[in-house]
1. Please report the carbon-and-sulfur percent of the accessible area for segment 457-575; probe 1.4 Å, protein heavy atoms only, DNA, RNA and ligands left out.
2. Using only Cα atoms, locate the centre of segment 250-271 and the centre of segment 318-347, then give the distance between them in Å, rounded to an integer.
3. If each residue of separation counts as 0.36 nm, what is the full-extension length gain between Leu389 and Thr436 once their alpha-carbon separation is subtracted?
4. Keeping every protein chain present and rolling a 1.4 Å probe, give me the accessible area per residue for segment 446-574 in Å².
5. Assigning unit charges at the beta carbon (Lys, Arg +1; Asp, Glu -1) and nothing else, what dipole magnitude in debye, to the nearest 20, does segment 446-574 show about its Cα centre?
6. Calculated FRET efficiency, Val201 and Phe458, Cβ-Cβ r, R0 45 Å, to nearest 0.05?
7. Can you pull the one-decimal nm distance between simple spin-label points at Glu290 and Lys358, each 7 Å off the Cα toward Cβ?
8. Give Lys441/Lys566; Lys344/Lys384; Lys88/Lys221; Lys367/Lys400; Lys384/Lys441 a once-over and call out the pairs whose C-alpha atoms are over 19 Å from each other.
Amino acid sequence: LSDPQPNRGTKRPRDEEEEEIKARRKQTREHGRHREEEAAALEETDDEKKKLLQIIERDGEEEEEEEEPLDESSVKKMILTFEKRSYKNQELRIKFPDNPEKFMESELDLNDIIQEMHVIATMPDLYHLLVELNAVQSLLGLLGHDNTDILAQLSHPAPTAPSGAFALLPHRAPLMSSFLTDIDTLHESEEGAEVLIDALVEGQVVALLVQNLERLDESVKEEADGVHNTLAIVENMAEFRPEMCTEAAQQGLMQWLLKRLKAKMPFDANKLYCSEVLAILLQNNDDNRELLGELDGIDVLLQQLSVFKRHNPSTAEEQEMMENLFDSLCSCLMLSSNRDRFLKGEGLQLMNLMLREKKISRSSALKVLDHAMIGPEGTDNCHKFVDILGLRTIFPLFMKSPRKIKKVGTTEKEHEEHVCSILASLLRNLRGQQRTRLLNKFTENDSEKVDRLMELYFKYLDAMQAADKKIDGEKHDMVRRGEIIDDDMEDEFYLRRLDAGLFVLQLICYIMAEICNANVPQVRQRVHQILNMRGSSIKIVRHILKEYAENIGDGKNQEFRESEQKRILDLLENF
């Protein structure tokens, strides 16, 4: 993202914002999932299904024999048995397509061997046998099985499933989902996991899973479970191999996720999970951000978020989904083409209304506006924001940070960072009448906004001086012990300073320099007056801005970096 902010200062806050809620997503999603499972009632009326369940229940009542320890030979035997039974079932279905009695027994046999194969999932060092014996292709082939009950159970949590028939892809014990829904097991033998995932990707597993998703009816509990656990496969493959996200999106997953999000269905755990997987696909991936824009995904996200304009989410799970959608929108706005789509889709108006309504969505709407207006690509959005009277919304938030930040995890510092970043973007990008309207705000009510700016300056300057003192002490101790402070260590110290408040302080100094160079004597005099009253010096502001200029840019556009550095240094000359 090309913007007038330090390299580490811009990327760190936004990338970490995308990561911060990931840890609690899974816990929230599972909580919602369990609540749904407890509430759902199984209604089985189909005769074929009843007969299957009766046989499975009868088998379940039989005393289980003690399992023999697995070795390579027994796994090979198990895989070959699976291949034979899978082929037999396929052959009988082709031969007797209209007579389930003829192939039901073969499907039960197939189910039995699949259940036995679950144990392989806990032995990643033997995954290579599945590939060598072509079992992966057979597993993928079953995703096209005519029986949608089997399709659902292909991604159903087995052995704990209420009706564990054909539980090929269980969610909790890492056969495709068995192997792919427990990321810890994948990491136990990365070599085995690599071999398996290579074979699955080569077999276009995501395309097959999406075809499967299209066929599942979520009004049926088992099939809804199939959707949920299919998404678990995608999530964990993406975590193990992030580079597959682009291919997954292009194989139809992005389109299906957007379709599912805008479906007129009650909120449930699957919609929550869709929002999470979408956020994962978009993270640090410009190809997927562009694809979402081309699929009118910006409009889909804005439509889904508009619900929270005047109403708070009714549950923790729904709030988690809302935050995932906001994260997805922020991620998409990293791409300049999506800024235009956001502008045309009246995204600015929606975010502005959210700021005024003071609901839980306000904090995230502020973050979205920051992403929409930052850098030269945000110029059109900055002008439109002034046209829709956005200054009347943003300045009250600048003058006083909300006492109670309703969104969990949002701090006062984050609020002030986003507000200052928006003001810095406006000062950088606005021209003509809109810029005059912005500058006039700083002279209103006896320059109260300048007073507030200086209040924030000293607040963050104090925080920085305390952090610098601590870091200097650590450096002194390292030198005394004879340790070398290399570039990596210096980078780490700089990141810590940004975290402590340097990033916000840099934004404040940039705003200060802009308004003092705007030929408004009243503002310039007030800034110098307050600095003198507090015994501070313009030299400190100059030093902070010089450091800001040195670290500016996004690492992609050297020409932008150089021109922006020159512009900031010119501001310093006239300060």
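The values are calculated or read from the model by the stated rules, or taken from the named source; none is laboratory data. Here the structure is a predicted model, which means the values were calculated and not measured. Note that we place each Cβ from the backbone using ideal geometry, even for glycine, and neighbour counts take in every protein chain shown. Accessible surface is based on the protein model in full, side chains and every heavy atom, while ligands, DNA and RNA are left aside. Shrake-Rupley method; radii C 1.70, N 1.55, O 1.52, S 1.80 Å.
1. 48
2. The distance from the Cα centre of segment 250-271 to that of segment 318-347 comes to 16 Å.
3. 15.5 nm
4. Numbers: 6870 Å² over 129 residues.
Heavy-atom SASA per residue in segment 446-574 reads 53 Å².
5. Working: 20 positive and 26 negative charges, 130 e Å.
With only Lys, Arg, Asp and Glu charged at Cβ, the dipole is about 620 debye.
6. On the way: r = 55 Å, r/R0 = 1.22.
Using R0 = 45 Å, I get an efficiency of 0.25.
7. 4.4
8. Working: Lys441/Lys566 27 Å; Lys344/Lys384 10 Å; Lys88/Lys221 29 Å; Lys367/Lys400 17 Å; Lys384/Lys441 17 Å.
Exceeds cut-off: Lys441/Lys566; Lys88/Lys221.
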